[in-house]
Amino acid sequence: MRRISSAVILSVLLLSSFISLLAFADTRHLQKNGRPAVYTLDDVPDPKSSPSWNYVSNPDSVISASTETDINVLIKELEDSTTAQVAVVILNSVGDVNSHDFGVDLFNKWEIGKADKDNGLLILLVMDQHAIEFITGKGMEGALPDVRCKYISETYMIPYAKAGNFDAAVLSGVKAVVMELENPALAEDLYSQQIGSGASVPWYERPVSMVPLAAAALIYTGLNLKGRKDRRKRVSKTEYERRQESKSYMEWKFWLLNVALPVAWLLYQWRIDPPVTWLELIVSFYIYCMILLFEKRMRFNGYIEKQYEGDRHQLYSAYAKSHSSWIGAYIFFPLPFLFYKFWKDLNQGKLRKMPYTCDRCGNTMNRIDENADDAYLSSSQLKEEQLHSVDYDVWHCNNCGNQKILNYVNYFSKYQECPNCKTHAYYHSKTVTLVSPTYSSTGSGEKIFDCLQCHHQDKKHFTIPMLTRSSSSSSSSSGSSGGGSSWGGGSSGGGGSSSHW
């Protein structure tokens, strides 16, 4: 009974909370503190009404009074030095009206900008639509084109807005506009620095500009097309590669990854709002490289299995040699390559430990214990096992006495095959400087290679580059600006940009 009562009470509380939420949500159409929750053109307070030098309409107090004052001072100085007029409007909601259309209508209602120049700009934030609108006058479009408006909003406003710091978002955007209009020659240099106050936005949260992204995509595609042409000239594939490789698959994969994918990414970046950030771009490229590398690894495995089909020892050795250069994949792409390594080691272990059939009598052979197999090995083989450059398995047939000795090369060992005795005991023992380099001439040296089995020695001569003196230089630049009236009778044709956080 007590359990039922608790459930009833809980249900009543949840229902009451739900009804309260509905009632609260319905108040979006009611008056709030004397201000409309949904603004029409006539509801938006005109900042020029009192005092005349105000430029910010912030009826819902989204930004602080101190930030509002800072923005008014910046825009006042801008108008005094350039005659350009900038209005900043921050509203909680304009209802179902498109925020850009609302901005154009508000711009023309207030007539922002000088009548003879149409040099006005409206920066409008609509909170419930997560929208930042730049509306430019007809005469402002040359000094502040649409692409620059979007760049400013995406680079200097969207990251702050995403973090909920609207003071920094609006102030940063206004500062970027002021710099663009007062000193366009320095604007490009100044864009490389973070503008504004408040909490710093990390570089990886900033949106990626289309210009460097398009340039990178073109370079990437061009290099791959050139590399494909060069590979066709110089690469002679083995028979097993030609048997395994589907020409149509490779063609399809090449054009998809190197042409279609970059184009699709650019179109996606161009259409999406808000744009992709540097972090999202890096993560996407990381996943792309991981998938591409894993596909290549599995394709190589297919080549190897086809070539050494029926020969377990050669298959094991080919696997080991092929994977010796893939250590970077395990480090940079632990998923899925660590799981893949576990699977690969398990399968290679089976290849090595599975009993062999005696090719003389057909009986199953037995592998000699690691400590006991030394009796079957030569002195050079014992040296290799001592150096851990090669490991040997000895298989013995108890029926006919036949034996099989199989070598397993350690491709991570510093010891190589000696050109004289063929033992894997040959290594780079030391480097000797014969002539030291100077700032005016090169030097020379020798790399000495020794074999620990037959004591064969090689000396390889090499040149040491001349010494160079380091130099550094630095330069700096700076700019300054100089210092109303009511809105001046300007108009907008709808130019500007739209961004969303």
Just for the range 267-312: of the residues that are surrounded by 12 or more Cβ atoms within 10 Å (Cβ to Cβ) and among the small types (Gly, Ala, Ser), which one is modelled with the lowest pLDDT?
SER284
Report whether or not LYS138 is crowded, with 21+ Cβ neighbours inside 10 Å and basic (Lys, Arg).
no
Given (1) surrounded by 12 or more Cβ atoms within 10 Å (Cβ to Cβ); (2) at pLDDT 65 or above; (3) among the hydrophobic types (A, V, I, L, M, F, W, C), identify the lone condition not met by ALA215.
(1)
What about SER492, is it modelled with pLDDT under 95, touching a Phe, Trp or Tyr at 6+ places or on another chain (Cβ under 9 Å) and within 30 Å of GLY142 (Cβ to Cβ)?
yes
Out of all the residues in the range 409-420, is one or more touching a strand residue (DSSP E or B) at 6+ places or on another chain (Cβ under 7 Å), surrounded by 12 or more Cβ atoms within 10 Å (Cβ to Cβ), farther than 30 Å from MET290 by Cα and of a type in the set (A, V, I, L, M)?
no
Subset of the range 110-135 (residues that are surrounded by fewer than 18 Cβ atoms within 10 Å (Cβ to Cβ), modelled with pLDDT under 90 and either part of a helix (DSSP H, G or I) or among the aliphatic types (A, V, I, L, M) (or both)):
ALA115
Verdict on VAL170 being within 33 Å of the chain's Cα centre (by Cα) and β-branched (Val, Ile, Thr):
yes
Output the number of the condition that TRP53 fails; it satisfies all remaining conditions of (1) crowded, with 22+ Cβ neighbours inside 10 Å; (2) closer than 21 Å to GLY137 by Cβ.
(1)
Report, by residue number, each residue of the range 76-98 that is surrounded by 21 or more Cβ atoms within 10 Å (Cβ to Cβ) and at pLDDT 90 or above.
VAL86, ALA87, VAL88, VAL89, ILE90, LEU91, VAL94
Tell me yes or no: at least one residue of the range 149-160 is surrounded by fewer than 24 Cβ atoms within 10 Å (Cβ to Cβ), within 24 Å of the chain's Cα centre (by Cα), more than 20 Å from ILE63 (Cβ to Cβ) and modelled with pLDDT under 90.
yes
Listed by first then second residue, the pairs whose first member lies in the range 283-295 and is on the phi < 0 side of the Ramachandran plot, whose partner is aliphatic (A, V, I, L, M) and part of a helix (DSSP H, G or I), with beta carbons under 8 Å and at least 6 positions apart or on separate chains, are TYR288/LEU261; MET290/LEU335; LEU292/LEU257; LEU293/ALA329
Of the residues in the range 357-384 that are surrounded by 17 or more Cβ atoms within 10 Å (Cβ to Cβ) and acidic (Asp, Glu), the one that is nearest to ASP450 (Cα to Cα) is GLU384
Cβ contacts < 6 Å: first residue closer than 17 Å to THR136 by Cβ and polar (S, T, N, Q), restricted to the range 152-166; second residue at pLDDT below 85 and not in a helix (DSSP H, G or I), any location; separation 6+ or different chain. Result?
SER153/SER499
What pairs can you find where one residue is in the range 92-119 and in the same structural domain as PRO59 (by TED's automatic domain parsing) and closer than 12 Å to TYR39 by Cβ, the other is of a type in the set (Lys, Arg) and buried (at least 24 other Cβ atoms within 10 Å of the Cβ), and their Cβ atoms are less than 8 Å apart, with a gap of 6+ or different chains?
none
It is to be established whether one or more residues within the range 305-316 are of a type in the set (A, V, I, L, M, F, W, C) and closer than 30 Å to LEU267 by Cβ.
no
Out of (1) modelled with pLDDT of 95 or more; (2) under 35 Å from the mean Cα position of the chain (by Cα), what's the single condition that is false for SER324?
(1)
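If you scan the range 138-182, which residues turn out to be hydroxyl-bearing (Ser, Thr, Tyr) and touching a Gly at 6+ places or on another chain (Cβ under 8 Å)?
Start the filter on the range 138-182 by keeping residues that are hydroxyl-bearing (Ser, Thr, Tyr), which leaves 151, 153, 155-156, 160, 172.
The answer is SER153, TYR156, TYR160, SER172.
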Determine which member of the set ILE331, ILE368 is farther than 19 Å from GLU305 by Cβ and touching a helix residue (DSSP H, G or I) at 6+ places or on another chain (Cβ under 8 Å).
ILE368
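The values are calculated or read from the model by the stated rules, or taken from the named source; none is laboratory data. Keep in mind it's a predicted model, so treat the numbers as computed, not measured. Heads up, the Cβs are rebuilt from the backbone with ideal geometry, glycines too, and the neighbour counts pull from every protein chain shown.
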